[in-house]
Structure formats: C-alpha cells, structure tokens
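This report refers to the structure that appears directly beneath it.
The values are calculated or read from the model by the stated rules, or taken from the named source; none is laboratory data. Just so it is clear, the model here is predicted, and its values are computed rather than measured. With ideal geometry, Cβ positions are generated from the backbone for all residues, glycine too; neighbour counts draw on all protein chains shown.
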C-alpha cells in the first residue's frame, strides 16, 4: 500500500503538527507500507531545488512544493498561504498514479471538496485527520465571522465528513463527532504519538550550563488553549514561596510570538521577575530534548474552552516521555484519560493559579516524588503513545477502507 500524507503547511521544519505527521508516516512504514509526505513548504531552506523539492528527513521521504517560502513581503506571503492548498491539489492530481490513498492534513473547505471530487473520479481513497473541532479556531479574517464559522461547521459535519473513505480522530470527543457524521463507522481513534528515537529520558546533570530550577513551556503563549496568564501568575507565586527557602526558580519559554506578549512582559516586570525569564527562541529536536529533560516541572494548562474540549495537546506525549514530572490543569478532556492524580502527574483545578503554584513548589522541594511521577508518566507514554504500538491498527484501518 502506498500512502501520500498531504500537508498544507510546513514539513519537515514545522511546529508540533510536523512531528505528529512524521509519527504517522513512521507508523505506516513500521507496518510495512510505503508512505511519502507531500507538503506545501519545507519551513526552512534546504539544499536542493526551490520548487518541487524532494528529500528524506529522519528516514521519511517527503516532497515540498516550495523549499521554504521565497516571499519577503507580508502581502505576497499571505497570498501564497491562501492559494497553497490549490497548488497542493494540482500536484496531487499530477501525481495520482503514484499513490493508493491520500491522508489529508489541513486544507480549507473548498479545496477539500475539490480534492474529494477529483480523487473519487480517479478512484483514490481519501482519509482525513481530525485534530480539532471543525472551524473552532479563528485563523483567517473570513472565518472570524461567527455565522460563517457556524455555516462551515454544519456543512463539514453534516455533509463533508461522510464522504471521506475514512477519518482518523485524535480524541474521544472528535471520534464521536466523526462517528455521528459517518454512519458506517469508518473512523479510527489514534491518540497523540511519540517517537522514542527522538526523545530521551530525564537528565539531572546540570554541569553543562543549564539552570538548575526552572519550569519549561514549549509552544504558543495562548490564552484560549494554554491559559497562559494562569501559568504566569503561578510562576510568580511559586517563585515567592521558593525564594523564602533559598531556591531561585526560572521560567523558560520558546518564543514571544503572541498577541498578549506585551501584557506578559509587563506582568513579569511589575513582579520584578523578568530577569528570571529565559527565552530560548526556536529549538531544534536536540535542544528541545535538552530543555525538557532538565526541567524541574512541566505544565499542561488547559482551560475549559470549546477548543480544548475536543483537541489533544501534542506536547503531552513528549512531556510524559521526558520522564520529568507533569502538572495537569485540566478536567474532562482527552489528556485526563491518561493521567491519574499522584501517578502520572499532579492534577489541579482549572484557572487556579494558587493550586498550580503550590504543586510547582511541592515537586521542586520533593525530588523523590518528582522522580516517581516522572517515571510513571514516561511509562504511560511508552505504553500508550509510541507510534509502533499503533502501527498495525493504522495500517489495517487503511487497508480495509472501501
């Protein structure tokens, strides 16, 4: 079986989504299938052709329409992002003899409809990866209009989903949405996946210049998805408690690309703690592993929002795999199915900065508890999220599609 994973976005140098896509490809390979990732751009300039770039990354073959975006101006970049799904569609039509099944990641409503139409005419199978409730996030000016979002949601759920040959959902809530839309139950639930070869275990050697006590936060500084101000407030409260015990706590983040960054910066400066913030910038895989594996505490903070009800944070698998202790501020969400309080993590109430701060202090001051929770969390990642555990299920699902 030959599968193309079609990606509107960056691969291999993308964010969490690129890592998840790569795990899918490795799972298919592991089960004896051929798989190629086709993306609209690489995300980073690589040696080779600027257009229709072909290469291999970490033993996964990929093709990118653009070898990184050549556009400097904001207008041209935005225009390309609006049109890139159509270029991807054209490429797939041109290469249709090379694959049996398309696994679709990303793409808006109209390109999806066109892709389904053309692939049906060419007698190809199309599978959709469902990782968010359709149009629950606001990504373009057009879909920020509430009534238009609701229209796209209705069209997608009531009509579009049932026309895919199969759907892969990453959470139970999304599985239920897809199953209701597709009465033939051509739906497979696959949680977030991890690659053991890419992520190491805990590391307590601080002789290499790493700070000794810090809380690490990977990814965006989002209010809706990550409740970032609760984390900021918890850091301030935890720092005050630990300082009384002679422990200096730092907060490490990977970027400041957020609409609320100015407010975060102001809050930390008013608390006199901006100097205790470390901004790493973009981290490659080795650097990301290093920062995670040395962290005293890792936090997943998921406020009660419509978006969080359906999604599954990709970084949860890597956090657990790192072997460092996890604090989870979440309730009745997909991640809660895998975490028990006091075992794979400490669970605190949502929107409760004080409880979050108290848990940070508890783990920093109790290394034995931190080690125990980290070890159980890593075991959970090994048994539940390793792509090899799910490889045969994914392969069988694809082979049995009508």
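A few points about this structure:
- Sole exception among (1) within 21 Å of the chain's Cα centre (by Cα); (2) buried (at least 22 other Cβ atoms within 10 Å of the Cβ); (3) not in a loop (DSSP other than H, G, I, E, B) for residue 324, by number: (3)
- Of all the criteria given as (1) closer than 27 Å to residue 188 by Cβ; (2) touching a strand residue (DSSP E or B) at 6+ places or on another chain (Cβ under 7 Å), the one not satisfied by residue 340 is (2).
- Hits in region 28-54 - residues which are loosely packed, with under 12 Cβ neighbours inside 10 Å and modelled with pLDDT of 95 or more: 32
- Of all the listed residues (24, 91, 57), the sole one being in contact with a strand residue (DSSP E or B) (Cβ under 9 Å, 6 or more places away or on another chain), modelled with pLDDT under 95, assigned by TED's automatic domain parsing to the domain that holds residue 115 and over 22 Å from residue 109 (Cα atoms) is 57.
- Any hit, region 281-293, residues being in a helix (DSSP H, G or I) and without any contact (Cβ under 8 Å) to a residue 60 or more places away in the chain: yes
- Lone unmet requirement of (1) surrounded by 14 or more Cβ atoms within 10 Å (Cβ to Cβ); (2) at pLDDT 85 or above for residue 154: (1)
- Residue within region 174-191 that is in contact with a strand residue (DSSP E or B) (Cβ under 9 Å, 6 or more places away or on another chain), crowded, with 19+ Cβ neighbours inside 10 Å, at pLDDT below 90 and outside any loop (DSSP other than H, G, I, E, B) present: yes
- Selection status of residue 354, at pLDDT 95 or above, assigned by TED's automatic domain parsing to the domain that holds residue 248 and surrounded by fewer than 22 Cβ atoms within 10 Å (Cβ to Cβ): yes
- Selected residue (only one of 247, 260 is more than 27 Å from the chain's Cα centre (by Cα) and surrounded by fewer than 20 Cβ atoms within 10 Å (Cβ to Cβ)): 247
- The requirement of being surrounded by fewer than 17 Cβ atoms within 10 Å (Cβ to Cβ) and part of a helix (DSSP H, G or I) is fulfilled somewhere in region 374-381, by at least one residue.
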